[in-house]
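The values are calculated or read from the model by the stated rules, or taken from the named source; none is laboratory data. Keep in mind that this is a model prediction, so the values were computed, not measured. Backbone-built Cβ (ideal geometry, glycine too); neighbour counts: all protein chains shown. Heads up: the accessible areas ignore ligands, DNA and RNA and are worked out on the full protein's heavy atoms, side chains in. Shrake-Rupley method; radii C 1.70, N 1.55, O 1.52, S 1.80 Å.
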Amino acid sequence: METLEKYFKVTAQQEYEKNPQLSVADVEELLKWSNENINLYGKLIDLQIIMFLHACNYDKEYAKKVISQCYNLRAKKCTPFFTARDPAHPFNQKQLDVVNINIIPDEENQYSYIWSQLKIVDASQYFPTVASKLTFMAIELDQIEYGTKSGYRMVLDSNHFSLSHALRYSLSNARSLMTYVQEGTPFVIDKIYILNVTSGTERIYSMLKPFMSASLINKIIIKSASKTSDFIKTLPQTIVPKDYGGLAPIMKETNEILKQKLLDNRNYFLDEEKFRNGSVKDEVDTTVGEDDKDNINSFKNLSID
């Protein structure tokens with residue numbers, strides 16, 4: 001396999017027109033550097049470099065660090081999130097029945113909103129690492145279809161998210177996830193809205209906060225159950241699902257659309273994993289919580305509105 005170019009539905013020329021700050025010379029320089037320094041089974045293309053440059057505010061040296069971290073983390077510490085990504089795998093399919101994951105574009109402002117909520121509240125069926133993996137897959141599909149975005153805004157409805165759900169988080173996986181989110185993503189995470197906060201949400205936030213930079217913490221907006229409804233009214237209603245009183249399709253409908261899109265793009269995910277690892281792993285990582293009690297801070301620094 002040489003490249004993944006055939007899967008991209010946007011062109012480099014479209015990206016140059018959309019982002020005047022992009023420099024052809026910078027892209028070519030980074031492309032040459034990446035293909036000489038990043039250990040992959042294929043070659044990166046200009047569009048992939050463009051995604052990184054855009055995410056790094058067009059800073060070449062910073063982009064080199066993020067590209068290196070992206071592929072190093074995917075190959076090592078973050079393998080649970082970036083292997084066994086076959087959308088047809090029964091375990092991946094099942095998790096999309098447990099968690100509603102939806103991606104809704106804000107075309108006017110060039111953001112995409114990722115909505116997430118529990119569909120099945122039985123904690124024994126919830127696998128947070130798999131749910132996170134599927135969220136990254138949804139973002140990746142959005143990128144290959146639409147190219148760069150101003151950023152992604154995560155809307156996490158934690159209604160029904162209990163302490164039993166929180167206890168299924170592996171501290172080591174969660175720590176690695178925080179590293180990737182802050183140092184290795186080829187996209188911008190603009191905001192993270194956590195709605196209908198529960199005791200389970202508080203526990204997870206307290207566990208993750210020590211691994212968050214001030215920059216990431218400042219992007220997080222937390223709303224209690226009593227404040228969630230009013231807050232949702234402040235969002236563009238075109239990206240708010242009808243489940244919450246907005247104008248976007250109901251979450252069940254957009255979740256089914258995502259499930260089908262993932263299946264339709266199955267070959268991309270298989271080839272992308274081969275592109276990085278040389279093969280496709282079939283065994284889904286189902287690691288759940290470890291005995292992390294001594295590593296979890298108290299909730300005293302949790303700021304809930």
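Any chance you could give the angle, 0 to 90 degrees and rounded to 10, that helix 60-75 forms with the longest Cα principal axis of the chain?
For helix 60-75, the angle is close to 70 degrees.
Nearest 500 deg cm²/dmol is fine: what mean residue ellipticity at 222 nm does the chain get from its DSSP H runs of n ≥ 4 alone, each adding -39,500 (n - 2.57), divided by its residue count?
The per-residue figure over the chain is -14000 deg cm²/dmol.
With the full set of protein chains in place, find how many percent of the accessible area of the chain is carbon and sulfur; take the probe as 1.4 Å.
Values: 6650 of 13920 Å².
With neighbouring chains kept in place, the figure for the chain is 48 percent.
Excluding ILE220 itself, what net charge comes from residues whose Cβ is under 15 Å from its Cβ, given Lys and Arg +1 and Asp and Glu -1?
Values: positive: ARG153, LYS191, LYS209, LYS219, LYS223, LYS227; negative: ASP157, ASP190, GLU202, ASP305.
Spelling it out: positives minus negatives among the neighbours equals +2.
Expressed as an acute angle from 0 to 90° and rounded to the nearest 10, what is the orientation of the C-alpha long axis of helix 251-264 relative to the principal long axis of the chain?
That helix lies at roughly 30 degrees to the long axis.
Just for the Cα atoms in the stretch 41-97, what are the lengths along the principal axes, largest first, rounded to whole Å?
Taking max minus min along each principal axis of the Cα atoms, the stretch 41-97 gives 40, 22, 21 Å.
Nearest 10 degrees, 0 to 90: what angle lies between the long axis of helix 199-208 and the longest principal axis of the chain (Cα atoms)?
Computed tilt is about 40 degrees.
What accessible area per residue comes out for the chain, rounded to a whole number of Å², with a 1.4 Å probe? Kindly include the intermediate steps, with their values, before the conclusion.
On the way: 13920 Å² over 305 residues.
It amounts to 46 Å² per residue over the chain.
Can you give the three extents of the C-alpha atoms in the chain along their principal axes, from longest to shortest, in whole Å?
Reported extents, whole Å, longest axis first: 51, 41, 37.
Could you name the aspartates and glutamates whose alpha carbon sits less than 16 Å from that of LYS6, not counting residues in the same chain fewer than 8 places away?
Within the straight-line limit of under 16 Å, LYS6 reaches these aspartates and glutamates: ASP46, GLU140, ASP142, GLU145, ASP264, ASP271, GLU272, GLU273.
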